Amino acid sequence: MQVSVDRDRCCSSGMCVMNVPAVFDQDEQDSLVRLRQTNVQPDQFEDVRLAAELCPGGAITVTEDGAGQGGA
Ligand code: SF4
C-alpha cells in the first residue's frame, strides 16, 4: 500500500497525525500534513485507510498494491 497527501487540501486538523503518527506528521511551520513514509506497513493498513476516510480535507490518497507483486 502506498499513501500520498495533497498539502493544498489539508486543513491542518491533525487527525491523521493523532491516528497514525508513524505515517503522518505535521509541519512545524505551517501545520500542514507531512508523510514520514510512503510505503505503508501491513500492520498499518487499516489505520491508514481509516485516516484517509476521516480526513476532513480529503487530502489523503491510499493506493492499494494491485497485481504484479508477490506472485502466486
Ligand atoms: S487529517 Fe487530513 S486535513 Fe487533517 S492534518 Fe491530516 S491530511 Fe490534513
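Here, each number is a calculation from the coordinates, and none is a lab measurement. Fair warning: this is a prediction, and the values are worked out from it, not measured in the lab. Note that each Cβ is placed from the backbone with ideal geometry, even for glycine, and that neighbours are counted across all protein chains shown.
Would you grab the residues whose amide H sits under 5 Å from the one on LEU32? Only those 5+ places off in sequence or on another chain, please, with H modelled 1.01 Å from N.
ASP27
When 1/r is averaged over all different Cα pairs and the result inverted, which Kirkwood radius in Å belongs to segment 2-63?
11.2
For a quick check: with amide H placed at 1.01 Å from N, whose amide H comes under 5 Å from PHE24's, ignoring anything fewer than 5 positions away on the same chain?
Hits under the 5 Å cutoff: ARG36.
If you filter segment 15-61 for GluC sites (Glu not before Pro), then keep DSSP loop positions with at most 12 other Cβ within 10 Å, what is left?
Passing sites in segment 15-61 are GLU28.
For the chain, what does -39500 (n - 2.57) per DSSP helix run (n ≥ 4), summed and divided by total residues, give at 222 nm, in deg cm²/dmol to the nearest 500?
That calculation yields -5500 deg cm²/dmol at 222 nm.
Mind checking which of PRO42, PRO56, PRO21 has the largest fluctuation in a GNM of the chain, springs on alpha carbons under 10 Å?
PRO42
Using 0.36 nm per residue, how much length does the chain from MET1 to THR38 gain when fully extended, once their Cα-Cα distance is taken away?
So the extension gain works out to 12.5 nm.
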